[in-house]
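Notes for the one structure printed next.
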Amino acid sequence: MTVLVRFLRFFLATGFAVATAGLVVVVAAYFYIAPQLPPIERLKEVQLQVPLRVFSSDGELIAEFGEQHRTPIRYEDLPPMVVNAILATEDDRFFEHPGVDYQGLLRAAMELIRTGEKRQGGSTITMQVARNFFLSSEKTYLRKLTEIFLALKIERHLTKQEILELYLNKIYFGHRAYGIAAAAQVYYGVNIDELTVPQIAMIAGLPKAPSSNNPVSNPERALERRNYVLGRMYVLGFLDAEQYRLALEEADTASLHKAAVSVEAPYLAEMVRAYMVEHFGEDAYVAGFRVFTTLVSDRQAAANTALRSGLLAYDRRHGYRGVIRHTEPDPDAAEDKWRSILAGVESVGGLLPALVTKVEEKSASIYLAAHGAAQLEWGALSWARAYRSVNSRGPELNAAGELLKAGDLIYVEGLPDGGWRLAQLPEVSGALVSVNPHDGAIVALVGGFDFYRSKFNRAVQAQRQPGSSFKPFVYSAALAKGYTVASLFNDAPVVFNDPSLETTWRPENYSGKFYGPTRMREALTHSRNLVSIRLLQAIGPAYAADYVRRFGFSPDQIPRELSLALGSGSATPLEMARAYSVWANGGFYVEPFFIREIQDAEDNVLFRANPPLACPECEQAQALESVTADVSAMSEAPENSEQDTELSEAEEAPPVLAERVVDPTNVYLMTSMMQDVVKRGTARRAMELGRNDLAGKTGTTNDQRDAWFCGFNAELVTTVWVGLDRVQPLGNGETGGRAALPIWIDYMREALKDVPEAVLQQPPGLVTVRIDPKTGLRLASGQAGGIFEVFHPEHVPEQYSEPASQRGELIYDSAEPLF
């Protein structure tokens, strides 16, 4: 008995000594570590790395830039089942302990005594927050003690909900997904509140080992981990027996999902990214900026479809260059084999790779990885005569076997009726830009067939000759110098000597014909080159070059020579859209822009665009206010001034008004001429849209190297360019009216679907006079025939035209206007 008492005394004394020593060590460690602990206030101000997100004007996601996929979420927005799953997996006593789970620490200590090895254990969610935000992940006693003290300190300053919110927004879930909301998007492509119970359990099991437990990289092990989490949830009462059974039976569907992009606009997204990096540096990728652009979602979608369809149509006109490659067919191959063959070929610009599995006389059977088996009928194949050159194709096809054979890898294009058509990656390039002419907002922009195939943004980077689409600016210069839409110029052969080149320049019309004396309206309507040259010769190339600068062109883009009449300068599609906006908005210069607003991660507005507005009504109102103010200043009593000041301070500042660069009469006359281009000229195909408010000009350069159409109404300006990146001929007949105009039509059909027609209003000061269409001179009262034309009062023809029976045949050989 005495021995037992002595043993108990020794044991208790030893335990007390050990406990006292341990307490002394802990206290000493605390006094050593405590001064080094970081201030917890930093957690309340923590800036998580959140990617740059780009949105359309209507709030649809365009792009996301940044290494870490993260979507911060507030605790109150977390579904309860998500919280339960995380607690069941990581820390089921989270809401009970003070930041340190002493039971867990004791288990870790016993494991250390038993095995002699330091193993991670006993870490609470609060301790993980301490480690993730302030400490390294090294496994040392000092770091563990620091983690414990820091966790206790965190619990004194933050609520449990705040701690859990920090944890779930910080931790890594694999595949660049940081935070639980991002994990839901990356693995299942849904918002966190759309996850099923098994999906929640799968995600909850990832933080412990995001690589080895990953459902994409290691699905078998991930499924075991998911089922373990479900079991924990069941044991803890978070799931009932039926929920648990059904969750175990559900197959996992995890796969990698990119950010849920709603609007395909990668060319403009790259413009935004470059702008943000220029202004915010590398913080642009991590600070959670949200950029709202000027793009309109449905118009951007229409632009993508129109441009791609137009470029593919051009390609079909010039023949088929061949299949992607051939693989030896295996008659016993299953779909798994076909999918593996297709896996090495990416889709491009909406074109999907397909494997030819069987060829019959007038059709071919194909397999697509995402759509399964399909059929190419003869109508989808017969276009594919062999390409020889831009002007030559092989003979007509008689059978599908002349074109394809089993084992061929090809591209196919989806059709509106659900069918497929043989296609190929187009060698031709193109761009489309659509601008709101009232403020310059870019509502749609496509810089090429596929951004990921070529990142060169032709909409803003391709300096190309605008060809005849530049003529309206030269004609406007002529009107400003006193010529009229009825001024006559001779459409006849002309030769210019160029001593510097020891050669001669013999310009001609596209048709190769000559039409004699031609009024300016008719010359622009039918794009008569020789008239344009004689017109420019009459007003002077230097004068015209200076005049067109008001449309935004720089001096280095404008040659001061006669070739300017045919658009020999250079411009990007965006610059042409900017210039045509002057016609559409009534004569005001607006600078295109693409960022409407920039917000930081806290929804603070850092930038909001305030572009100058084109507003003829405001211009008139300002003039009226100016006169009224002058009168009021002379008649108002002094006692009213204080009230007026208070009123003006309460009102919002007026918008910034754009500068007028072309007078209204010039704009009206030019727009009416360009409406004739659409109604009965080189762009008459656009009349299929059934609108009477469209205007524009086709453009084609020498040897059809560039094809343009720049068109507009009062609400929208759209420019389309088609050409080869390496400047080469597009082929015979590939004019602006054939290559570019159909793209413009397809886009504007959708873009103007709900936009009412705008009647072109004639400005005050113009007069309408009946003239002889042959001479451009006035017709006397009672003289038969003639057409009505609009003139500035100072430029009405004074001379009357003689009756046709008296004037005989007129011959003109001068470049001067013929009255």
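Would you calculate the convex hull of the Cα atoms in the range 252-306 and tell me its volume per residue in Å³?
Each residue corresponds to 124 Å³ of Cα convex hull volume.
Quick one: Cα convex hull volume of the range 452-515, Å³ per residue?
204
Would you grab the residues whose amide H sits under 5 Å from the one on L657? Only those 5+ places off in sequence or on another chain, please, with H modelled 1.01 Å from N.
L613
Add +1 for every Lys or Arg and -1 for every Asp or Glu among the other residues with Cβ under 14 Å from the Cβ of A571, and state the total.
+3
Would you calculate the volume per residue, in Å³, of the smallest convex hull containing every Cα atom of the range 200-268?
Numbers: hull volume 8.6 nm³, N = 69.
Considering the Cα atoms of the range 200-268, their hull volume per residue is 125 Å³.
Project the alpha carbons of the range 533-572 onto their principal axes and report the range along each, largest first, in whole Å.
Reported extents, whole Å, longest axis first: 26, 17, 13.
The range 359-466: which GluC sites (Glu not before Pro) are DSSP loop and have at most 11 other beta-carbon atoms within 10 angstrom?
Passing sites in the range 359-466 are E361, E396.
Along Cα→Cβ, 7 Å out, is where each label goes; now give me the distance between the ones at Y515 and T196 in nm to one decimal.
6.8
Compute the accessible area per residue over the range 221-281, keeping the other protein chains in place, probe 1.4 Å, unit Å².
That works out to 57 Å² for each residue.
Among 523-534, 743-754, what's the highest-first ranking by average C-beta atoms within 10 angstrom per residue?
So the peptides 523-534, 743-754, ranked by packing, come out 523-534, 743-754.
For q = 0.11, 0.19, 0.21, 0.22 Å⁻¹, what log10 I(q)/I(0) does the range 380-512 give under the Debye formula with an equal point scatterer on each alpha carbon and no solvent?
Computed log10 I(q)/I(0) values: -0.84, -1.24, -1.33, -1.37.
Between E396 and E659, 0.36 nm times their residue separation minus their Cα-Cα distance comes to what?
89.0 nm
Could you sort the peptides 478-484, 665-671, 506-512, 574-580 by per-residue average Cβ neighbour count (10 Å cutoff), highest mean leading?
My ranking of the peptides, most packed first, is 574-580, 665-671, 478-484, 506-512.
Given labels modelled 7 Å from the Cα in the Cβ direction, how far is it in nm from A333 to R749?
Each label point lies 7 Å from its Cα, and together they span 3.7 nm.
Spelling out what I want: for every residue of the range 289-298, take phi, set θ = phi - 60°, compute 6.51 cos²θ - 1.76 cosθ + 1.60 (Karplus), and round to whole Hz; glycine and proline get x.
Each residue's phi maps through the Karplus curve to give 5, 10, 10, 9, 8, 8, 4, 9, 4, 5 Hz.
What fraction, in whole percent, of alpha-carbon pairs in the range 291-386 exceed 23 Å separation?
Values: 1847 of 4560 pairs.
That tail contains 41 percent of the Cα-Cα pairs.
At a 1.4 Å probe radius, which order do T719, T768 fall into by accessible area, largest first?
Descending order: T768, T719.
5 Å is the cut-off here: which amide hydrogens, built 1.01 Å from N in the peptide plane, fall below it relative to L488, excluding neighbours closer than 5 in sequence?
L818
DSSP loop trypsin sites (Lys or Arg not before Pro) in the range 197-277 with at most 11 other Cβ atoms within 10 Å of their Cβ, which ones?
Counting only loop positions with at most 11 other Cβ atoms within 10 Å, the trypsin sites (Lys or Arg not before Pro) in the range 197-277 are K258.
The values are calculated or read from the model by the stated rules, or taken from the named source; none is laboratory data. Only a predicted model underlies this, so the values are computations on that prediction, with no experimental measurement involved. Cβ coordinates were reconstructed from backbone atoms using ideal geometry, including for glycine residues, and neighbour counts include every protein chain displayed. Keep in mind that these areas ignore ligands, DNA and RNA; they rest on the heavy atoms of the full protein, side chains included. Shrake-Rupley method; radii C 1.70, N 1.55, O 1.52, S 1.80 Å.
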